[in-house]
1. May I ask you to derive the FRET efficiency for Gln40 and Thr255 from their Cβ-Cβ distance with R0 = 51 Å, giving the value to the nearest 0.05?
2. If each residue's Cβ is checked for other Cβ atoms within 10 Å, how do Ser290, Ser195 rank with the fewest at the top?
3. Starting from the Cα-Cα distance between Val177 and Ala89, subtract it from 0.36 nm times their residue separation and give me the gain in nm to one decimal.
4. Run the numbers for Val373 and Gln142: contour at 0.36 nm per residue of separation, minus the present Cα-Cα distance, in nm.
5. What is the distance in Å between the Cα centres of the range 271-300 and the range 148-197?
6. Lys and Arg at +1, Asp and Glu at -1: add these up for the other residues within a Cβ distance under 13 Å of Leu118 and post the number.
7. Report the full-extension gain for the segment Glu227 to Asn54: residue separation times 0.36 nm, less the Cα-Cα distance, to one decimal in nm.
8. What distance in nm separates the simple spin-label points at Thr74 and Gln355, each placed 7 Å from Cα in the Cβ direction?
Amino acid sequence: MKISARKPLLLVAAAALAAGAFWWYRQSGSESLEQRYKLQTIERGDITQTVSANGTLNPIVLVNVGTQVSGTVTRLYVDFNDQVEKGQALLELDDRLLAAQARQSAANVLNVAAAVDLARANEARLQALFKEEYVSRQELEQAIQARRSSEAQLAQAKAAADKDEVNLRYTTIRSPVSGVVVDRVVDLGQTVAASLQTPTLIKIAQDLSEMRIDSSFAEADIGKIREGQKVRFTVDAFPNRSFQGEVQQIRLNPTTQQNVVTYNVRVSLSNPDHILLPGMTAYVSIGVASRQDVLLVPNAALRFKPADGNGARPPAAAGGGQRPPGEGPARKREAAASGTVYRIEQGTLKPVSVQLGITDNRNTEVVGGELKVGDTVVVGENVAAPGGKPSSVGMRLF
């Protein structure tokens, strides 16, 4: 009897739970669109479109100081970060072999000079004897030839002596420019060999107050870059500081890696405090287009797409879909510069087509369409859609 008495109570409790669940579902489903979606007001403002790339800071002039003679390093006069002047001695090589060669060449000059004196004296005697007809013309001509040959040998000996003297001076390596030592490759006691390729001993940056950035821009962006454009860049050493430069040159020599074509854009900059160092990675941004006081739409609104059919889908042309047959390239470019945003009207989402201009990757210029200042557009969802479906903010071409 007790069991049959409890059964109606259980049925009443189950019915109450079902009614409560149904009421909660209706309440969640009837939530207003203004509460469900994130909205943002359309405003006017300034916008700048930029193109970006990474680059490396380098001195304007970086001289690799080498040697034209071989030898062992006996003295080092400079080290890393030392300031040097043009003509200053940087290091010396062992000069004993070259000094001996220079002395030998100097002695050979004296020996050949004595032979020249003798040949000239013989020619003078034969000239006098020839006038008295004591010697033949052939003997005189042989004396003249011997004098000329000895003079030529003297010139050759002097040239060899000069060469050996120059090689001897090359054992002292001097700075070709004024600047700062950024690299030293050799140490005391190291032997360097000058062969077909001149070895690098020391690297000198001529002037670190003026530097350059060698950056690689993709071919899709290179058409927007012009010489003289202002450049902003940052470096990891000073993440909270922005530096300025100017486009100096667009190198016409492309680089292709994995089918990606890039061009070297050289940026000139001032470094009066010498805080920017050679080899730093620079994150370069070049402003290629700018607009003032234009209508701006958030890029999040252009990316938003309803998840459950609460609004009409945008036309294919506006959303970057397929082109109708017969449209030409100009029409295709027009479609690629359009997009769709959603606003709330009379309790539903309404798609609005807009024509787009430049973008700064956060906002986009609106050049045509039905939007105006003060309109609110959907940029996302606050809660999950009824039925447990998550919000959908997908990427679309526009």
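1. 0.75
2. Exposure proxy ranking, most exposed first: Ser195, Ser290.
3. 30.5 nm
4. 72.3 nm
5. Each part reduced to its Cα centre gives a spacing of 49 Å.
6. Here the count lands on 0.
7. Length difference between fully extended and current span is 60.5 nm.
8. In this crude spin-label approximation the distance works out to 8.1 nm.
A short reminder: the numbers here are calculations on the coordinates, not readings from a lab. The structure presented is a predicted model; accordingly, all values stated were derived computationally and were not measured. In this analysis, Cβ positions are derived from the backbone assuming ideal geometry, glycine residues included, and neighbour counts consider all displayed protein chains.
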